[in-house]
Amino acid sequence: MLSNTKSWQPIHNATLIKNIEHVVKQVARKLQYPHEVLGEPLPGTDSLASGAMGIVLFYAELDRLYPDEQWDVVAHNYLVHVQTVINADMFNSFSLWSGLSAAPVVASILARDRGRYQNFIEKLHILIQPAIDGFIDQARGRIGNDLFIPDYDVIEGLAGIGRYLLFFKEHPACKENLNKVLSYIIQLTKNIHFNGESVPGWHIRSENQFLEFEKKRYPNGNFNFGISHGIAGPFALLSLALLEGIEVEGQRDAISKLCSYYEKWKTEDEHGPIWPERISFEEETCGQMQNPFTYNASWCYGEPSIARVLWLAGQALGDTELQSLAQQTYLSLVQRSVESLGFESPTFCHGYAGTLWMLQRMMMDTSSDAFEAYREKLVNQILSTFNDNHAYGFQDIEHGQFRDLPGLLVGAAGVALVLLSCLSLDEPEWDCIFLLK
């Protein structure tokens with residue numbers, strides 16, 4: 001049975017709470033001096049992905065849960081680092097994860113209705129909005145001709161930027177640009193012609209892939225299913241906007257079309273629904289999978305994030321069958337051993353923390369008792385990777401390489417933030433940046 005009861009589900013296990021608090025506070029102490037962690041304010045050190053803005057969110061959550069411990073002072077110091085980069089005109093872009101669009105969201109979450117940072121936020125809006133308007137025009141001109149993933153995706157493109165705009169939907173300029181972004185995404189879902197075939201508009205040509213293996217594997221381009229770089233990110237934004245009462249012409253039809261697309265390419269393994277990370281031009285045009293693929297539990301490309309997007313679409317359209325499919329996907333997750341997930345890293349993007357957080361988020365929306373034991377397994381798995389001798393307590397591990405990284409996406413701050421928020425008695429705000437709410 002589906003349940004739409006909104007009830008946050010914190011961890012209640014006293015031993016686990018104690019262990020989490022100990023580890024989180026250790027990470028907080030290791031990250032508390034911006035100059036030591038990030039060095040001089042330089043391009044990239046301000047970013048949400050790996051720099052100051054992501055770390056602000058960790059300390060903002062510490063401040064929310066432990067308001068008498070002055071963690072907001074540390075958060076403020078990191079925000080000063082961001083301000084210094086902006087003042088020196090050293091920011092990289094206007095994207096959400098490597099550029100400026102996250103800064104107003106981060107400052108607002110840190111402010112927590114205390115009236116802080118309002119001038120800072122308004123100045124950022126004034127700086128960002130004209131650039132976004134120009135970005136939309138350029139991206140729109142490349143649909144059907146020369147589309148790039150950073151035009152539309154969550155990390156660099158308009159899906160991520162759109163999430164910032166939705167966060168500030170009451171701001172007139174943000175609302176205007178949000179409507180343009182939604183219209184752009186709707187246009188992206190319409191079919192285009194390529195090599196004599198009619199295919200979805202988010203087709204990326206081989207030469208426009210940003211990974212070399214994709215250029216070689218997909219000589220006629222591909223269609224990306226992931227939330228970080230694929231169509232699931234724009235799909236999520238369309239649904240989130242509709243859930244918040246923002247609708248433009250064609251939005252519901254676009255959501256329905258994307259629902260059908262994901263349902264078409266769904267298959268099953270021994271536990272439940274799975275989706276490919278990408279499909280080739282040839283697979284799209286013949287309508288059948290030709291390349292094998294396996295289950296992926298990550299945020300960036302995995303089944304839990306796809307199922308979360310389908311859940312949001314089901315909520316937006318009032319489609320309980322779609323929500324049931326999403327819930328079924330999470331029920332299949334908890335049937336899999338933690339070891340079988342195949343993660344090397346505890347981090348958010350493609351590690352245990354992201355999976356834990358998506359499960360935590362779905363626990364709220366479904367009130368499912370089936371998830372609680374698995375949540376504890378994931379928490380214990382993450383805690384087992386903590387080592388006080390590491391620079392920040394948790395390391396990112398990818399392809400056997402160990403890296404000490406402080407940030408949110410693949411660093412220690414992201415791991416600690418997830419653990420911390422599992423203790424919260426109230427729903428947090430920060431995961432809007434991952435387009436999970």
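Quick notes
- The sole residue among 130, 104 that is at pLDDT 95 or above and either in contact with a strand residue (DSSP E or B) (Cβ under 7 Å, 6 or more places away or on another chain) or open to solvent by 10 Å² or more (accessible area, probe 1.4 Å) (or both) is 130.
- Condition broken by residue 342, with the remaining ones in (1) touching a residue at least 60 places away in the same chain (Cβ under 8 Å); (2) on the phi > 0 side of the Ramachandran plot satisfied: (1)
- Residues (modelled with pLDDT under 95 and hydrophobic (A, V, I, L, M, F, W, C)) located in segment 195-218: 210, 211, 213
- Put simply, of 360, 327, 335 the only residue that is of a type outside the set (Val, Ile, Thr), open to solvent by 10 Å² or more (accessible area, probe 1.4 Å) and in a helix (DSSP H, G or I) is 327.
- Filter result (touching a residue at least 12 places away in the same chain (Cβ under 8 Å), over 13 Å from residue 351 (Cβ atoms) and not in a loop (DSSP other than H, G, I, E, B)) within segment 390-415: 413
- Verdict on residue 77 being of a type in the set (S, T, N, Q), closer than 25 Å to residue 415 by Cβ and modelled with pLDDT under 95: no
- So residue 299, is it at pLDDT 95 or above and in a loop (DSSP other than H, G, I, E, B): yes
- Among (1) in contact with a His (Cβ under 9 Å, 6 or more places away or on another chain); (2) more than 20 Å from residue 425 (Cα to Cα); (3) surrounded by 21 or more Cβ atoms within 10 Å (Cβ to Cβ) - the single one residue 59 does not satisfy: (2)
- Residue that is nearest to the chain's Cα centre (by Cα), among those in segment 281-311 that are over 13 Å from residue 227 (Cα atoms) and open to solvent by less than 10 Å² (accessible area, probe 1.4 Å): 311
- When we screen 350, 399 for residues that are open to solvent by 10 Å² or more (accessible area, probe 1.4 Å) and either within 23 Å of residue 16 (Cα to Cα) or modelled with pLDDT of 95 or more (or both), the only hit is 350.
The values are calculated or read from the model by the stated rules, or taken from the named source; none is laboratory data. Worth saying up front: this structure is predicted, and the values here are computed from it rather than measured. Neighbour counts run over all protein chains shown; Cβ positions are idealised from the backbone, glycine included. For accessibility, only protein heavy atoms count, side chains too; no ligands or nucleic acids. Shrake-Rupley method; radii C 1.70, N 1.55, O 1.52, S 1.80 Å.
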